[in-house]
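K.L.:
Got a structure for you, questions after.
The values are calculated or read from the model by the stated rules, or taken from the named source; none is laboratory data. On a predicted model such as this, the values are computed, not experimentally measured, just so you know. As a convention, Cβ positions derive from the backbone with ideal geometry for all residues, glycine included, and neighbour counts pool all protein chains shown. Areas reflect the complete protein model, heavy atoms only, side chains present, ligands, DNA and RNA absent. Shrake-Rupley method; radii C 1.70, N 1.55, O 1.52, S 1.80 Å.
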Amino acid sequence: MCARHRRTPDGRLAVAALKSIRPLSDLTTPIATLDIASWHPALSPERIDAFARELESGGVLALPRLAFPLEPGEERFLDARWSDGRAKNISVEGATVKGARGSAADRAALARMVGRFATCASGLIAALFPRYASHLMRARTSYRPQPATGRNVSWRKDDSRLHVDAFPSRPNHGERILRVFCNINPRGEDRVWRVGERFELMARRFMPRVRTMHPGEAAVLAALHVTKGRRSEYDHLMLGMHDSAKGDLDYQRDCPQREVRFAPGTTWICFSDQVMHAATAGQFMLEQTIHLPPSALYSPELAPLAILERLAGRRLAA
């Protein structure tokens with residue numbers, strides 16, 4: 001399925017419609033549905049291996065029976081008014097709450113709700129993938145009370161365009177970005193994504209467009225505190241492909257893609273540095289980011305770092 005778009009005056013992408021113009025094939029991101037209804041499932045080794053292979057090869061794992069239960073009184077937080085309006089998300093990292101408004105008591109209660117999701121999400125990943133358990137590095141947890149689209153942002157920050165996650169200021173040298181999402185919408189509204197072609201196909205298309213790093217560039221960016229640490233060639237390529245894909249409106253319109261709907265009460269998991277994804281609709285979602293070293297993977301050869309190094313014919317990160 002491909003999206004028909006028009007250019008808006010500020011250059012942002014407006015999705016007018018989605019329609020099928022070619023049969024879907026194995027070129028697009030696979031979606032695997034897991035019949036799991038517990039945040040701490042007990043699985044056989046065979047199922048663990050199968051789920052790991054699906055996830056690490058660039059698939060999305062959808063768990064339509066795994067809802068995040070709200071505690072009494074937390075339903076009041078399903079309202080966009082709790083956002084301070086300056087940030088896209090409300091985020092919690094440790095004891096720090098950012099992007100929220102309300103009294104100290106309200107903010108503390110909101111942080112407890114988001115923190116409970118963080119615990120559930122981390123426990124789920126450790127249960128599904130025991131090999132990951134001792135390597136999980138939990139980053140910030142976010143609550144997204146605002147609609148997925150509608151904010152006035154630059155094209156680089158427009159997440160309604162297909163992209164893989166790559167961050168300008170935080171080089172990760174091939175560390176994986178694993179994300180757990182849950183739709184907690186109280187009004188029956190789906191969270192809608194577009195998913196695109198598989199990572200290697202995207203990389204073969206956009207790697208040649210990424211300029212070569214200038215000598216000393218990584219050191220200068222780190223010295224000026226533009227980046228938190230030195231940017232590796234891997235980080236440079238990932239960021240370049242992120243920007244190239246978002247900036248190419250023909251690609252956004254014509255590349256292999258399809259729409260995926262996650263109903264309220266659905267949890268889904270993916271490596272967002274590998275899955276080409278775009279959020280096009282929905283409101284009220286929880287999200288947990290987890291960082292994972294490639295050495296912890298069941299199949300490290302499937303990771304973006306390994307794929308890009310094979311395509312480049314050289315090491316791209318220390």
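K.L.:
Checking residue 65 against (1) open to solvent by less than 50 Å² (accessible area, probe 1.4 Å); (2) touching a residue at least 24 places away in the same chain (Cβ under 8 Å); (3) part of a loop (DSSP other than H, G, I, E, B), only one condition comes out false. Which one?
P.N.:
Residue 65 satisfies all of (1) open to solvent by less than 50 Å² (accessible area, probe 1.4 Å); (2) touching a residue at least 24 places away in the same chain (Cβ under 8 Å); (3) part of a loop (DSSP other than H, G, I, E, B) except (1).
K.L.:
Anything in region 171-205 that is open to solvent by less than 50 Å² (accessible area, probe 1.4 Å) and among the aliphatic types (A, V, I, L, M)? List them, or say none.
P.N.:
177, 178, 180, 184, 192, 195, 202, 203
K.L.:
Select from region 148-191 the residues that are in contact with a Gly (Cβ under 6 Å, 6 or more places away or on another chain) and closer than 29 Å to residue 220 by Cα and write down the one among them that is modelled with the lowest pLDDT.
P.N.:
155
K.L.:
Across region 296-314, what is the total count of residues that are surrounded by fewer than 15 Cβ atoms within 10 Å (Cβ to Cβ) and without any contact (Cβ under 8 Å) to a residue 60 or more places away in the chain?
P.N.:
4
K.L.:
Hey, can you tell me all the residues within region 82-105 that are touching a residue at least 24 places away in the same chain (Cβ under 8 Å) and open to solvent by 40 Å² or more (accessible area, probe 1.4 Å)?
P.N.:
88, 93
K.L.:
What's the number of the condition residue 44 fails, among (1) in contact with a strand residue (DSSP E or B) (Cβ under 9 Å, 6 or more places away or on another chain); (2) modelled with pLDDT of 95 or more?
P.N.:
(1)
K.L.:
Quick one: is residue 71 open to solvent by 70 Å² or more (accessible area, probe 1.4 Å), farther than 21 Å from residue 193 by Cα and modelled with pLDDT under 95?
P.N.:
Answer is no for this residue.
K.L.:
Tell me, please, whether a residue that is farther than 16 Å from residue 287 by Cα and not acidic (Asp, Glu) can be found in region 112-120.
P.N.:
no
The rows are residues; the columns are (1) out of contact with any Phe, Trp or Tyr (no Cβ under 8 Å at 6 or more places or on another chain); (2) farther than 30 Å from residue 202 by Cβ; (3) not hydrophobic (A, V, I, L, M, F, W, C).
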{"site": "46", "(1), (2), (3)": "yes, yes, yes"}
{"site": "69", "(1), (2), (3)": "yes, yes, yes"}
{"site": "72", "(1), (2), (3)": "yes, yes, yes"}
{"site": "91", "(1), (2), (3)": "no, no, yes"}
{"site": "96", "(1), (2), (3)": "yes, yes, yes"}
{"site": "99", "(1), (2), (3)": "yes, yes, yes"}
{"site": "113", "(1), (2), (3)": "no, yes, no"}
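K.L.:
Next question. Quick one: how many residues across region 200-252 are touching a strand residue (DSSP E or B) at 6+ places or on another chain (Cβ under 9 Å) and of a type outside the set (D, E, K, R)?
P.N.:
The qualifying residues number 5.
K.L.:
Let me ask something else. Any residue at all in region 86-108 that's in a loop (DSSP other than H, G, I, E, B) and of a type in the set (Asp, Glu)?
P.N.:
No, because not a single residue in region 86-108 is in a loop (DSSP other than H, G, I, E, B) and of a type in the set (Asp, Glu).
K.L.:
So which residues in region 206-265 are of a type in the set (Val, Ile, Thr), touching a helix residue (DSSP H, G or I) at 6+ places or on another chain (Cβ under 9 Å) and open to solvent by less than 30 Å² (accessible area, probe 1.4 Å), if there are any at all?
P.N.:
210, 227
K.L.:
Of everything in region 149-169, what is in contact with a Lys or Arg (Cβ under 7 Å, 6 or more places away or on another chain), among the hydrophobic types (A, V, I, L, M, F, W, C) and open to solvent by less than 50 Å² (accessible area, probe 1.4 Å)? Give them in sequence order.
P.N.:
Correct list: 162 only.
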